[in-house]
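J.: Mind having a look at this structure? Questions to follow.
The values are calculated or read from the model by the stated rules, or taken from the named source; none is laboratory data. Since the model is a prediction, treat every value here as computed from it, not as a measurement. So basically every Cβ, Gly included, is an ideal-geometry build from the backbone, and we count neighbours across all protein chains shown.
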Amino acid sequence: MYAPSGAIRDKVAFRRGVRRLEAMGHQVEVDADALTRVQRFAGDDATRLAALQRAAASGADVALAARGGYGLSRLLAHIDYPALAQSIQRGMQWVGMSDFTALQLGLLAQTGATTWAGPLLCADLGTPEGVDEICQACLEDLLCGQGEGAGWRMPKLRGAASVAPHDVYIPAATLWGGNLAVLVSLLGTPYWPQIEGGILFLEDVGEHPYRIERMLTQLLHAGVLARQQAIVLGHFTEYRLTRHDAGYQWHSVVDWLRAQIACPVLTGLPFGHVPTKVLLPVGAQVSLSVEGRDALLYWGHTD
């Protein structure tokens with residue numbers, strides 16, 4: 001357990017998350033600097049970089065990030081990517097989301113290694129309400145090497161967005177993505193994966209729909225969206241609409257996006273800053289099947 005990004009503000013949630021992992025039967029090793037704080041970060045850059053490298057050398061089965069926030073982008077030029085890739089080759093699974101997207105995409109761009117988009121210790125395992133059952137089951141599947149896919153039913157949206165995509169079958173594609181704001185910040189850098197014909201999944205928190213559209217527009221103008229086989233949208237949460245929006249909202253963005261690109265745009269992926277989230281292998285070959293509103297991503301047996 002290590003903290004590569006923001007400082008741990010809720011130490012009760014941190015300790016609760018550790019106890020829950022232990023109650024699930026797992027031995028938890030907490031990095032010595034996990035609760036360090038310098039400004040808004042979990043230690044200065046050197047401290048967090050050292051924690052990252054210690055995690056890679058630890059021999060643990062899973063390296064689970066304590067929380068997101070911000071900070072990993074500052075470390076990208078200094079990370080020992082071959083060491084992290086070697087830890088994955090030895091069987092270590094790197095798990096996280098939100099700011100962790102920077103490390104995931106940087107590692108994918110530099111080495112092609114696969115990591116997991118999934119829960120964070122404090123926000124998911126340390127909540128007073130308890131761990132979401134689906135999230136916990138997916139994490140247990142990963143720890144047991146049994147996870148093979150994620151299925152969901154796309155929601156009905158208003159307007160043109162309510163029209164579900166035609167049935168889709170993509171036998172093999174690279175799954176990549178994560179937090180939209182973090183992902184867009186890497187465009188044009190050495191930490192941007194050059195994925196052709198992939199399946200791009202996205203989520204975000206605290207971003208108004210027009211800001212989401214603006215970031216999607218950047219990906220559109222850069223040619224990124226046109227090079228994918230499918231765009232899969234998770235949850236975009238914790239924003240506030242105003243009277244000035246005059247009816248412009250989330251489904252307006254979905255309508256707009258579907259009008260810009262030829263590939264299917266799917267919604268409702270159970271992933272994001274929400275309790276119910278699946279684990280997704282970033283950088284892995286996956287298949288995608290859609291029948292009506294029922295969608296399934298699966299891996300480990302692509303054609």
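J.: Can you tell me how many residues in segment 173-191 are touching a helix residue (DSSP H, G or I) at 6+ places or on another chain (Cβ under 6 Å), closer than 18 Å to GLY234 by Cβ and among the hydroxyl-bearing types (Ser, Thr, Tyr)?
T.: Selection size over segment 173-191: 0.
J.: Any residue in segment 117-140 that is assigned to a strand (DSSP E or B), modelled with pLDDT of 95 or more and either in the same structural domain as PHE41 (by TED's automatic domain parsing) or surrounded by fewer than 20 Cβ atoms within 10 Å (Cβ to Cβ) (or both)? Before you say what the answer is, go through the steps one by one.
T.: Here is the first cut: in segment 117-140, the residues assigned to a strand (DSSP E or B) are 117.
Filter again for modelled with pLDDT of 95 or more, leaving 117.
Then drop every residue that is not either in the same structural domain as PHE41 (by TED's automatic domain parsing) or surrounded by fewer than 20 Cβ atoms within 10 Å (Cβ to Cβ) (or both), which leaves 117.
Yes, that holds for at least one residue.
J.: Determine which member of the set LEU84, LEU105 is assigned to a helix (DSSP H, G or I), farther than 30 Å from GLU207 by Cα and under 19 Å from the mean Cα position of the chain (by Cα).
T.: LEU84
J.: To continue, here is another question. Can you find even one residue in segment 68-83 that is touching a strand residue (DSSP E or B) at 6+ places or on another chain (Cβ under 8 Å), surrounded by fewer than 20 Cβ atoms within 10 Å (Cβ to Cβ) and free of Cβ contacts under 8 Å to residues at least 12 places away in the same chain?
T.: no
J.: Here is a follow-up. Sort through ARG19, ARG54, ARG9 and tell me the only one that's out of contact with any strand residue (DSSP E or B) (no Cβ under 8 Å at 6 or more places or on another chain) and either within 18 Å of LEU103 (Cβ to Cβ) or assigned to a helix (DSSP H, G or I) (or both).
T.: Details: ARG54 fails: out of contact with any strand residue (DSSP E or B) (no Cβ under 8 Å at 6 or more places or on another chain); ARG9 fails: either within 18 Å of LEU103 (Cβ to Cβ) or assigned to a helix (DSSP H, G or I) (or both).
Going through ARG19, ARG54, ARG9 in turn, just one is out of contact with any strand residue (DSSP E or B) (no Cβ under 8 Å at 6 or more places or on another chain) and either within 18 Å of LEU103 (Cβ to Cβ) or assigned to a helix (DSSP H, G or I) (or both): ARG19.
Rundown of residues vs (1) modelled with pLDDT under 95; (2) over 22 Å from the mean Cα position of the chain (by Cα); (3) not charged (D, E, K, R), yes/no style:
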site: ALA160; (1), (2), (3): yes, yes, yes
site: VAL168; (1), (2), (3): yes, yes, yes
site: LEU180; (1), (2), (3): no, no, yes
site: THR189; (1), (2), (3): no, no, yes
site: GLU203; (1), (2), (3): no, no, no
site: PRO209; (1), (2), (3): no, no, yes
site: LEU220; (1), (2), (3): no, no, yes
site: LEU225; (1), (2), (3): no, no, yes
site: ILE231; (1), (2), (3): no, no, yes
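J.: Which of the residues spanning segment 56-81 are closer than 14 Å to ALA113 by Cβ and more than 17 Å from the chain's Cα centre (by Cα)? Break it down into steps so the answer makes sense when it comes.
T.: First, the residues of segment 56-81 that are closer than 14 Å to ALA113 by Cβ: 56, 63, 79-81.
Selection gives ALA56, ILE79, ASP80, TYR81.
J.: For segment 150-162, check the following and say yes or no: at least one residue is of a type in the set (Lys, Arg), under 30 Å from MET24 (Cα atoms) and out of contact with any helix residue (DSSP H, G or I) (no Cβ under 6 Å at 6 or more places or on another chain).
T.: Going through segment 150-162, the residues of a type in the set (Lys, Arg) turn out to be 153, 156, 158.
When the remaining residues are screened for being under 30 Å from MET24 (Cα atoms), the result is 153.
With the extra rule that they be out of contact with any helix residue (DSSP H, G or I) (no Cβ under 6 Å at 6 or more places or on another chain), the set shrinks to 153.
The answer is yes, given that some residue of segment 150-162 is of a type in the set (Lys, Arg), under 30 Å from MET24 (Cα atoms) and out of contact with any helix residue (DSSP H, G or I) (no Cβ under 6 Å at 6 or more places or on another chain).
J.: In segment 48-67, which residues are surrounded by fewer than 20 Cβ atoms within 10 Å (Cβ to Cβ) and under 24 Å from THR189 (Cα atoms)?
T.: Residues satisfying the conditions are LEU49, ALA50, GLN53.
J.: Now for a separate question. Can you tell me which of TRP250, TRP176 is of a type outside the set (D, E, K, R), at pLDDT below 95 and closer than 25 Å to TYR70 by Cβ? Can you show your working first?
T.: Numbers: TRP176 fails: at pLDDT below 95.
Result of the check over TRP250, TRP176: TRP250.
J.: Can you spot a residue in segment 36-46 that is in a loop (DSSP other than H, G, I, E, B), farther than 22 Å from ALA102 by Cα and in the same structural domain as TYR81 (by TED's automatic domain parsing)? Don't jump to the end; show me each part of the working.
T.: Restricting attention to segment 36-46, the residues satisfying the condition of being in a loop (DSSP other than H, G, I, E, B) are 36-37, 39-40, 42-44.
Cutting the leftovers down to farther than 22 Å from ALA102 by Cα gives us none.
Among the residues of segment 36-46, not one is in a loop (DSSP other than H, G, I, E, B), farther than 22 Å from ALA102 by Cα and in the same structural domain as TYR81 (by TED's automatic domain parsing), which makes the answer no.
J.: Looking at (1) touching a helix residue (DSSP H, G or I) at 6+ places or on another chain (Cβ under 9 Å); (2) more than 19 Å from MET97 (Cα to Cα); (3) modelled with pLDDT of 95 or more, find the lone condition where GLY59 falls short.
T.: So the condition that GLY59 fails would be (3).
A quick yes/no check of all residues on (1) charged (D, E, K, R); (2) touching a helix residue (DSSP H, G or I) at 6+ places or on another chain (Cβ under 6 Å); (3) part of a strand (DSSP E or B):
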{"site": "PRO193", "(1), (2), (3)": "no, yes, no"}
{"site": "PHE201", "(1), (2), (3)": "no, no, yes"}
{"site": "ARG214", "(1), (2), (3)": "yes, no, no"}
{"site": "ARG240", "(1), (2), (3)": "yes, no, no"}
{"site": "GLY272", "(1), (2), (3)": "no, no, no"}
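J.: Please verify whether ALA23 is among the aliphatic types (A, V, I, L, M), crowded, with 18+ Cβ neighbours inside 10 Å and within 21 Å of PRO119 (Cβ to Cβ), treating the condition exactly as stated.
T.: On the way: among the aliphatic types (A, V, I, L, M): yes; crowded, with 18+ Cβ neighbours inside 10 Å: no; within 21 Å of PRO119 (Cβ to Cβ): yes.
So ALA23 does not fit the description; no.
J.: Based on what the data block shows, is LEU183 in a helix (DSSP H, G or I), of a type in the set (A, V, I, L, M, F, W, C) and outside the structural domain of GLY17 (by TED's automatic domain parsing)?
T.: Yes, satisfied.
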